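The values are calculated or read from the model by the stated rules, or taken from the named source; none is laboratory data. As the structure is a computational prediction, the values presented were derived from the model and not from experiment. Methodologically, a virtual Cβ is constructed for each residue, glycine included, from the backbone with ideal geometry; neighbour enumeration extends over all protein chains shown. Protein only, heavy atoms only, side chains kept; ligands, DNA and RNA dropped before computing areas. Shrake-Rupley method; radii C 1.70, N 1.55, O 1.52, S 1.80 Å.
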Amino acid sequence: MRLILHDLPTVRTVETISAMQRLARQWQMQRVPVSFVPTMGCLHSGHLSLIQCARRIIGPRGKVVVSVYVNPTQFGPAEDYANYPHNLFQDRKLCSRAGVDVLFVPSDAEMYPAAFSTWVVEESLTRGMEGASRPTHFRGVATVVAKLFNIVLPTAAVFGAKDFQQAALIQKMTRELNFPIKIVVSPIVRERDGLAFSSRNRYLTKAQRSRATVLWRAIQQARASLGARPIPAARLKEELRALVEAESGVRLDYIEFFDPQTLAPAARVSRGTHIALAVFIGRTRLIDNAAL
Ligand code: PAF
């Protein structure tokens, strides 16, 4: 492959917690606002929209920091941590083109030193849905995000709406632990056929990729099934389960209908109720959600 000079990534990359904290404190003293986008890397159009949102909310004088860290503690033992895609060279290129000021890429040794045993645990919003299917997931997410907030010291942080329950958790954690950070939730970015951008889409074969549109089709069908009156959630779940499981090699993990503010499950579904679902396509687990 021939490298063209202007394609070489130029974004400033910081690899240690102490260097990142030093820089963050300097910005704080100079009253420079910082907008932060935490990611696990392998950046795609969904992440780029978060970065654009981060720039928009902080303005040209502010700094945009993106972290790339595949956080081991948010993966269960039978999940895809070992295979999770990495492409730091491409991430640096994309960040450099997107006008990111600093890419923070910490190591496991620094993030989780030997005998690490301090966790951030939310005990209400995270019980159902992803929390039920992935019991230690949100403890890992809350802990790493709290650590990143303490390292990057942002004024604002941007999270994607695709991880709806994660975004709700971060908003609650930020409020309840008094982080002086504005949390912004940015809309889902979808491919033309409705599939939400996700780093895990890379795992799909061509045939699986075409079956993966079933998540978006299920959301569309839920919308189409709603009439003027609320309908029982159990009935709609069965209808959507049949749609999902009609696809060969696709297995439903869960479908939930809930109040978007409290995440409390809804017994009856009407306009404004939120839907979230998770499916396995082969071994790849994908999630999606939408307001109905
Ligand atoms: O949404 C993600 O990519 C991750 O859960 C996050 C917020 C970067 C924490 O590891």
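Some points to look at:
- Every residue from region 55-84 that is of a type in the set (Val, Ile, Thr) and open to solvent by less than 60 Å² (accessible area, probe 1.4 Å): 58, 64, 65, 66, 68, 70, 73
- Qualifying residue in region 114-126 (condition: at positive phi and open to solvent by less than 40 Å² (accessible area, probe 1.4 Å)): no
- Scanning region 57-71 for residues that are within 10 Å of the ligand (Cβ to nearest atom) and touching a residue at least 60 places away in the same chain (Cβ under 8 Å) returns 67, 69, 71.
- Residues located in region 264-292, provided they are in a loop (DSSP other than H, G, I, E, B) and open to solvent by 20 Å² or more (accessible area, probe 1.4 Å): 264, 266, 267, 270, 271, 272, 282, 283, 292
- In the set 82, 54, only one residue is outside any loop (DSSP other than H, G, I, E, B), more than 15 Å from the ligand (Cβ to nearest atom) and among the small types (Gly, Ala, Ser); that residue is 82.
- Among residues of region 241-256, those that are free of Cβ contacts under 8 Å to residues at least 40 places away in the same chain, outside any helix (DSSP H, G or I) and of a type outside the set (Val, Ile, Thr), counted: 5
- Region 82-111 residues that are farther than 23 Å from residue 33 by Cα, paired with ones that are modelled with pLDDT under 95 and part of a loop (DSSP other than H, G, I, E, B) (beta carbon under 7 Å, 6 or more apart): 89/9; 93/9
- Among the residues of this structure, residue 87 does not count as one that is away from the ligand (no atom under 15 Å from the Cβ), under 19 Å from residue 202 (Cβ atoms) and open to solvent by 60 Å² or more (accessible area, probe 1.4 Å).
- Whichever residue in region 212-263 is among the acidic types (Asp, Glu) and more than 17 Å from residue 130 (Cβ to Cβ) and, among such residues, is surrounded by the most Cβ atoms within 10 Å (Cβ to Cβ): 247
- Inter-residue pairs, beta-carbon under 7 Å, first within 13 Å of the ligand (Cβ to nearest atom) and in region 170-190, second polar (S, T, N, Q), 6+ apart: 183/171; 183/174; 186/49
- Of the residues making up region 43-50, not a single one is closer than 24 Å to residue 141 by Cα, at pLDDT below 95 and loosely packed, with under 14 Cβ neighbours inside 10 Å.
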